[in-house]
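Colleague: Before I ask anything, here is the structure I am working with.
The values are calculated or read from the model by the stated rules, or taken from the named source; none is laboratory data. Not measured: the values here are computed from a predicted model. Here Cβ is always computed from backbone atoms with ideal geometry, including for glycine, and neighbour counts include all displayed protein chains. The protein model used for the area step is the full one, side chains on, heavy atoms only, and it has no ligands, DNA or RNA in it. Shrake-Rupley method; radii C 1.70, N 1.55, O 1.52, S 1.80 Å.
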Amino acid sequence: MGAPGFWDDPEAAAKVNAEYARVGRKLETYSGLESDTADLDGLLELAEEDPELAEELDETLQSVEQRLAALEEQRLFTGEYDAGDALVTVNAGAGGTDAQDWAEMVLRMMLRWAERRGFKTELLEASPGEEAGIKSATFRVQGENAYGLYSAEKGVHRLVRLSPFDSANRRQTSFAGVEVAPVVEEAGDVEIDDDDLQIDTYRASGAGGQHVNKTDSAVRITHKPTGIVVQCQNERSQSSNRATAMAMLRAKLIEAEERRRKEEIAKERGEAQDVNFGSQIRSYVLHPYTMVKDHRTDFEVGNANGVLDGDLDGFVHAYLMASAK
């Protein structure tokens with residue numbers, strides 16, 4: 001950062017500066033832990049002689065454990081894109097109106113989790129369902145290790161409940177799929193041939209006033225070789241939506257390549273594990289009892305409402321720890 005000409009390229013300098021800040025925070029956390037743990041023995045001896053210091057010892061221990069757990073989580077992010085932002089897409093699966101309502105509930109859960117983690121989110125596209133909920137929605141989440149964290153949510157989420165859309169109030173099983181791709185700013189990371197693209201424009205259906213209703217500002221891009229479809233309608237400008245959609249496509253192509261690479265590695269190792277998107281990862285049961293269970297780790301929680309309100313840390317941590325073994 002002190003080299004001559006470093007600040008001549010503001011974009012490159014900003015990335016280095018951000019990395020410096022990220023590493024600096026890790027080092028500060030580690031140094032603080034090292035100092036506090038070194039003081040624990042002495043504090044324990046004092047607490048044995050002075051009961052009033054016992055409370056201070058408990059507080060210090062809790063602080064050390066919390067910071068150590070956070071640092072341990074940081075250690076789990078070793079993927080090339082784990083530290084960066086993520087593109088999250090929620091799709092309604094089988095189950096009709098119930099599934100579209102469930103997809104909206106999953107979207108809310110994912111957004112609330114981002115809020116709990118202090119991440120910034122931007123909704124890029126949402127296609128409403130016919131009667132309720134959504135058919136699909138895509139948002140970008142910005143924050144440290146956003147992709148590494150949200151990658152733990154890839155797959156199919158299954159809901160069992162009494163259907164609010166069934167006049168007989170029968171139990172219904174619904175499915176929603178979650179896709180997660182890394183946001184990569186450098187266009188050189190993946191080559192996209194213009195001849196492989198089908199670009200359609202359409203009238204945005206969401207909020208936006210008279211402008212949205214009168215112009216075909218929304219953009220849908222289909223990548224013919226892979227069948228990947230992305231769309232964006234959050235901007236009023238068609239050119240802005242197209243640029244965002246291209247970034248979304250690039251992210252999904254990179255994720256698809258990552259998935260293919262993992263499949264090849266698993267095959268070479270002879271591992272009988274499902275690394276494909278589409279595997280059912282978690283069940284949310286609201287009737288006849290309440291429980292959320294992750295089928296990959298067997299981690300489960302009885303407070304389903306808390307989970308649906310964005311309390312996903314336990315599930316994600318369990319999955320990351322299991323994946324690191």
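Colleague: Calculate, axis by axis, the spread of Cα positions in the chain along the three principal axes, and write the results as whole Å, longest axis first.
Modeller: On the principal axes, the chain reaches 76, 69, 51 Å in Cα extent.
Colleague: To the nearest 20 debye, what is the magnitude of the charge dipole of the chain about its Cα centre, counting +1 on the Cβ of each Lys and Arg and -1 on the Cβ of each Asp and Glu? Don't jump to the answer; show the numbers that get you there.
Modeller: Values: 36 positive and 61 negative charges, 450 e Å.
That gives the chain a dipole magnitude of about 2160 debye.
Colleague: To the nearest 10 degrees, how steeply does helix 96-117 sit against the main Cα axis of the chain, on a 0 to 90 scale?
Modeller: Between the helix axis and the principal axis of the chain, the angle is about 40 degrees.
Colleague: Sticking with this structure for a sec: Per the Kirkwood formula on distinct C-alpha pairs, the Rh of segment 37-117 is how many angstrom? Numbers along the way, then the final one.
Modeller: Working: mean 1/r = 0.0586 Å⁻¹.
After inverting the pairwise mean of 1/r, the radius is 17.1 Å.
Colleague: When all protein chains stay in place, what accessible area (Å², nearest 10, 1.4 Å probe) is found for Lys135?
Modeller: Roll a 1.4 Å probe over it and Lys135 shows about 90 Å².
Colleague: If you fit an axis through the alpha-carbon atoms of helix 10-49 and take the longest principal axis of the Cα set of the chain, what angle between them do you get, 0 to 90°, nearest 10?
Modeller: Compared with the principal axis, the helix lies near 40 degrees.
Colleague: Could you sort the peptides 100-108, 169-177, 60-68, 48-56 by per-residue average Cβ neighbour count (10 Å cutoff), highest mean leading? Walk me through the numbers on the way to the answer.
Modeller: Working: 100-108: 23.6, 169-177: 18.0, 60-68: 13.6, 48-56: 10.8.
Sorting 100-108, 169-177, 60-68, 48-56 by mean packing, highest first, produces 100-108, 169-177, 60-68, 48-56.
Colleague: Just check segment 1-138 against the gyration tensor rule for me: Cα atoms, a ≥ b ≥ c as the square roots of the eigenvalues, rounded for a/c under 1.5, and otherwise prolate or oblate depending on whether a/b exceeds b/c.
Modeller: oblate
Colleague: OK, next. Relative to the first principal axis of the alpha-carbon coordinates of the chain, what is the inclination of helix 313-324, with its axis defined by its Cα atoms, in degrees from 0 to 90 and to the nearest 10?
Modeller: 80 degrees
Colleague: In a Debye calculation with equal point scatterers on the alpha-carbon sites of segment 1-48 and no solvent, what is log10 I(q)/I(0) at q = 0.17, 0.23, 0.30, 0.33 Å⁻¹?
Modeller: -0.63, -0.81, -0.99, -1.06
Colleague: So for the chain, averaging the separation of alpha carbon pairs under 8 Å that are six or more residues apart and normalising by length, what relative contact order in percent results? Display every interim value, and only then the final one.
Modeller: Details: 531 pairs, mean separation 51.6, N = 325.
The normalised contact order for the chain reaches 16 percent.
Colleague: Under 10 Å, Cα contacts only: if you run a Gaussian network model on the chain, which one of Gly143, Gly79, Gly155 comes out with the highest mean-square fluctuation?
Modeller: Residue with maximal mean-square fluctuation among Gly143, Gly79, Gly155: Gly79.
Colleague: Can you sort Tyr30, Tyr20, Tyr150, Tyr319 by 1.4 Å-probe accessible area, starting with the largest?
Modeller: In descending accessible area the options line up as Tyr20, Tyr30, Tyr319, Tyr150.
Colleague: Here are some pairs, Lys120/Lys224; Lys224/Lys293; Lys15/Lys293; Lys262/Lys293; Lys26/Lys135; which of them have Cα atoms lying more than 29 Å apart in this structure?
Modeller: In this structure, Lys120/Lys224; Lys224/Lys293; Lys15/Lys293; Lys26/Lys135 exceed 29 Å between Cα atoms.
Colleague: Further question on the same structure: Between Arg116 and Asp195, take the C-beta separation as r, use R0 = 51 Å, and let me know the FRET efficiency to the nearest 0.05.
Modeller: Numbers: r = 44 Å, r/R0 = 0.86.
About 0.70, to the nearest 0.05.
Colleague: Could you give the length gained by full extension between Ala3 and Leu57, i.e. 0.36 nm per residue of separation minus their alpha carbon distance, to one decimal place? Before the final figure, lay out each step's value.
Modeller: Working: separation 54, 0.36 × 54 = 19.44 nm, distance 4.54 nm.
Roughly 14.9 nm would be gained on extension.
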